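The values are calculated or read from the model by the stated rules, or taken from the named source; none is laboratory data. Everything numeric in this text was worked out from a predicted model, so none of it was measured. Cβ placement follows ideal geometry from the backbone for every residue including glycine, while neighbour counts extend to all protein chains displayed. Keep in mind that these areas ignore ligands, DNA and RNA; they rest on the heavy atoms of the full protein, side chains included. Shrake-Rupley method; radii C 1.70, N 1.55, O 1.52, S 1.80 Å.
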Amino acid sequence: MILTLTGASGAGKTTIGEELMKTLPIDTERVPSYTTRRPRATDMPQEYKCVSNFRFQILKRAGSFL
């Protein structure tokens, strides 16, 4: 199963996702989001993989994303 939570910044996506992962009766894994922006001080560890535009395009062309 793939579950994607979307919403505005600060809407609580991470909080909801973490609570779901605690309560689901299956093994769950969080997949980090790839972004071309710079890391922020408020980012949680392993929440984002910040890459250059060039690296992002290489990953995209290689079929690394769903």
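Of the trypsin sites (Lys or Arg not before Pro) found in the stretch 1-64, those that fall in a DSSP loop while having at most 15 other beta-carbon atoms within 10 Å are Arg30, Arg37, Arg40.
How far, in degrees from 0 to 90, does helix 13-23 lean away from the longest principal axis of the Cα atoms of the chain, to the nearest 10? Its long axis makes an angle of about 50 degrees. A Cβ-based charge dipole, computed about the Cα centre of the chain with Lys and Arg at +1 and Asp and Glu at -1, lands at about 460 debye. Taking every DSSP helix (H) stretch of at least 4 residues in the chain, weighting each as -39,500 (n - 2.57) and dividing the sum by the residue count yields a mean residue ellipticity at 222 nm of -9000 deg cm²/dmol.
Ligands, DNA and RNA excluded, the heavy atoms of Glu47 present near 30 Å² of accessible surface to a 1.4 Å solvent probe.
Once volume of the Cα convex hull per residue in Å³ is worked out from the coordinates, which option in (i) 107; (ii) 73; (iii) 98 does it equal? Only one option fits the structure, namely (i). Model label points for Arg61 and Asp43, set 7 angstrom from Cα along the Cα-to-Cβ axis, are 2.4 nm apart.
Mean sequence separation of contacting Cα pairs (under 8 Å, at least six apart), scaled by the length of the chain, corresponds to a relative contact order of 21 percent. Note on Thr28 and Val51: with the Förster distance fixed at 25 Å, the Cβ-Cβ geometry gives a FRET efficiency of about 0.55. Sorting Met1, Met21 by accessible area puts them as Met1, Met21; the probe is 1.4 Å, largest comes first, and only protein heavy atoms count.
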